[in-house]
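These notes are about the structure you will find just below.
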Amino acid sequence: MDFLVSLLGFCTDAQKAGKIVINDDDASEMQLNAFEFRDYRTNLEPRKEKVLERVVNQWCAMLVKGKTMKINDFEEKVYLDKDMLNIEYSGELFPLKAISKMEMFKDTDDMMMDVPWGLDITFAFLKGDSSLRFNFTQERHRLNFALTVRILRTRDPTLDPGNECEIITNAEEDEEEEDEDKKKFGKVVAGERFNVEAEGIPIVFSVSEVKIIKKLVSTSRHTYLEFFIRYPRQDKFLYAKSGTTHIPQTVLQLEDASKHKKKKEEEEDDDKKKSEKAEEVLCTMKFDLKNVKLKVPKVPHTVFGRLMAKDDYFPTAIATFEVEIKKSHLQDRRQADAAELERRAKAAKKNRKKGKEVGEGMRTEPESLSIPVMSSWKFHDDEESSKVGTLNLYLLGYVLDKEKPKQEKKKKEEEEEEGQEEDEEAEGSEGGEDEQEEAEEGSAEGSGAGSEEEEEEE
């Protein structure tokens with residue numbers, strides 16, 4: 001599923017398929033459940049699941065009826081069976097569960113100028129491997145077909161989980177994409193990363209303080225802060241929690257304010273006074289959250305947080321807040337030429353002199369943010385939740401070069417080879433020393449024996 005997840009960012013432009021009508025008498029149980037993700041647990045957002053459902057629906061409708069495609073350099077029809085688990089081509093069945101490799105490439109043959117985007121699918125059978133080569137006019141069509149085949153393959157109940165499907169992409173295409181990404185910082189951070197724990201954009205923040213300007217309604221004096229990248233998930237790099245801090249008794253409101261109804265005149269007078277006066281800080285609360293590292297799937301992204309009242313059984317939310325992560329909060333730490341680094345430094349100096357915001361990827365120091373904290377208690381008199389405080393924190397994110405799995409494998413192999421060579425050299429040196437010692441001992445014994453014979457002769 002890693003390949004499927006990595007390609008979803010390019011599927012957002014899929015056209016909405018028309019309504020597909022399936023006759024229940026002709027369709028099997030497997031076919032009826034093919035077009036929705038409600039029976040499967042995924043890490044995708046509902047919007048992404050709908051896009052994938054449209055793609056699968058569209059291609060399944062075409063393949064079940066029969067679609068003419070460029071297969072093995074010839075225009076022929078290909079079908080899907082009723083269960084959508086086998087591809088039928090020229091009278092032969094190719095089970096999707098037998099797929100062992102999918103290779104994407106760009107065909108440079110002059111005969112394939114109209115259909116340059118190739119997909120080679122290898123099927124592993126007991127008698128041997130068999131492959132089908134598909135060619136498409138557009139890269140998006142190739143991607144959608146590959147996604148459909150991959151999803152339908154995972155639905156087979158007889159699929160062995162140990163039979164992995166190897167995905168190979170064209171190195172030239174990857175290099176072109178990397179060159180474009182290096183030039184455009186905004187494109188790098190805007191692309192969504194689905195494996196956030198491993199490939200997310202790191203952000204580091206430190207909470208300075210929480211200033212309370214209104215009395216808080218809480219069931220407990222023990223409070224703590226929570227930060228969610230994807231609420232309510234509490235996985236590594238997606239969730240952060242502070243230590244416990246006590247609410248001062250002076251700002252704790254024991255009684256429910258909704259029970260006390262004020263007159264309109266008093267409310268108007270209070271509003272006028274509040275507008276005239278600045279926000280008065282009733283107290284300042286410190287929380288132990290320093291240099292906390294989280295990872296976001298893309299930028300811009302909103303981090304959800306809340307101030308919680310600690311309880312052994314039912315913790316309750318006192319207030320909530322949202323931290324907006326912007327491109328200006330990120331630092332570009334990717335490898336760059338000396339000329340590029342000099343250009344960034346000059347641009348940063350100009351922005352400082354003119355008082356402008358820091359450019360994308362040029363931030364060097366953490367950004368100081370003041371986040372409004374809104375009460376989670378809504379009273380009868382108030383239609384909306386009111387502001388009860390301000391959260392002050394320092395935040396800085398950064399972007400690093402993304403290494404390909406192939407490059408990582410090469411590095412590991414090189415390191416292993418170097419380690420083996422060092423071990424062999426060490427063993428060889430030890431063997432040579434042992435041979436020298438044996439030779440020296442033999443020569444010493446020979447010389448000793450010779451001296452004894454000479455003495456006997458004398």
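Within segment 238-255, can one find any residue that is among the acidic types (D, E), part of a loop (DSSP other than H, G, I, E, B), open to solvent by 40 Å² or more (accessible area, probe 1.4 Å) and under 30 Å from K298 (Cα atoms)?
Checked segment 238-255: no residue is among the acidic types (D, E), part of a loop (DSSP other than H, G, I, E, B), open to solvent by 40 Å² or more (accessible area, probe 1.4 Å) and under 30 Å from K298 (Cα atoms).
Of L80, L63, L93, which residue is within 26 Å of E164 (Cα to Cα) and touching a helix residue (DSSP H, G or I) at 6+ places or on another chain (Cβ under 6 Å)?
Exactly one of L80, L63, L93 is within 26 Å of E164 (Cα to Cα) and touching a helix residue (DSSP H, G or I) at 6+ places or on another chain (Cβ under 6 Å), namely L80.
Could you check segment 203-216 and list, in sequence order, the residues that are open to solvent by 20 Å² or more (accessible area, probe 1.4 Å) and either at pLDDT below 90 or more than 22 Å from N291 (Cβ to Cβ) (or both)?
Scanning segment 203-216 gives I213, K214, K215.
Return the pairs, sorted by first residue and then second, in which the second residue is in a loop (DSSP other than H, G, I, E, B) and open to solvent by 80 Å² or more (accessible area, probe 1.4 Å), the first residue lies in segment 312-328 and is farther than 17 Å from G397 by Cα, the beta carbons are less than 6 Å apart, and the residues are 6+ apart or on different chains.
Close Cβ pairs satisfying both conditions: T316/T219.
A34 fails exactly one of the following numbered conditions: (1) modelled with pLDDT under 90; (2) of a type in the set (G, A, S); (3) surrounded by fewer than 16 Cβ atoms within 10 Å (Cβ to Cβ). What is the number of that condition?
So A34 meets the others, but not (3).
State whether one or more residues within segment 47-65 are modelled with pLDDT of 80 or more and surrounded by fewer than 12 Cβ atoms within 10 Å (Cβ to Cβ).
Checked against the condition, which is being modelled with pLDDT of 80 or more and surrounded by fewer than 12 Cβ atoms within 10 Å (Cβ to Cβ), segment 47-65 yields at least one hit.
Would you be able to tell me the number of residues in segment 80-92 that are over 14 Å from R153 (Cβ atoms) and either open to solvent by less than 80 Å² (accessible area, probe 1.4 Å) or assigned to a strand (DSSP E or B) (or both)?
The number of residues fulfilling the criteria is 5.
For segment 187-202, name all the residues that are of a type outside the set (F, W, Y), touching a helix residue (DSSP H, G or I) at 6+ places or on another chain (Cβ under 9 Å) and either modelled with pLDDT under 80 or not in a helix (DSSP H, G or I) (or both).
Scanning segment 187-202 gives G191, E192, R193, N195, I201.
Which members of segment 221-237 meet the condition of being of a type in the set (S, T, Y) and outside any strand (DSSP E or B)? Before you say what the answer is, go through the steps one by one.
Start the filter on segment 221-237 by keeping residues that are of a type in the set (S, T, Y), which leaves 223-224, 231.
Correct list: Y231 only.
If you check I167 against the conditions, is it on the phi < 0 side of the Ramachandran plot, at pLDDT below 90 and crowded, with 18+ Cβ neighbours inside 10 Å?
Values: on the phi < 0 side of the Ramachandran plot: yes; at pLDDT below 90: yes; crowded, with 18+ Cβ neighbours inside 10 Å: no.
Here the answer is no, as I167 does not meet what is asked.
Please enumerate the residues belonging to segment 291-349 that are part of a helix (DSSP H, G or I) and on the phi > 0 side of the Ramachandran plot.
First, the residues of segment 291-349 that are part of a helix (DSSP H, G or I): 327-329, 338-349.
Residues satisfying the conditions do not exist here.
State whether the residues of segment 102-115 include one that is open to solvent by less than 10 Å² (accessible area, probe 1.4 Å), within 31 Å of the chain's Cα centre (by Cα) and within 18 Å of N163 (Cβ to Cβ).
There is at least one residue in segment 102-115 that is open to solvent by less than 10 Å² (accessible area, probe 1.4 Å), within 31 Å of the chain's Cα centre (by Cα) and within 18 Å of N163 (Cβ to Cβ).
The values are calculated or read from the model by the stated rules, or taken from the named source; none is laboratory data. Keep in mind that what you see is a predicted model, and the values were worked out from it rather than measured. Reconstructed Cβ throughout: ideal geometry from the backbone, glycine too, with neighbour counts over all protein chains shown. Calculation scope for accessible area: heavy atoms of the full protein, side chains included, ligands and nucleic acids excluded. Shrake-Rupley method; radii C 1.70, N 1.55, O 1.52, S 1.80 Å.
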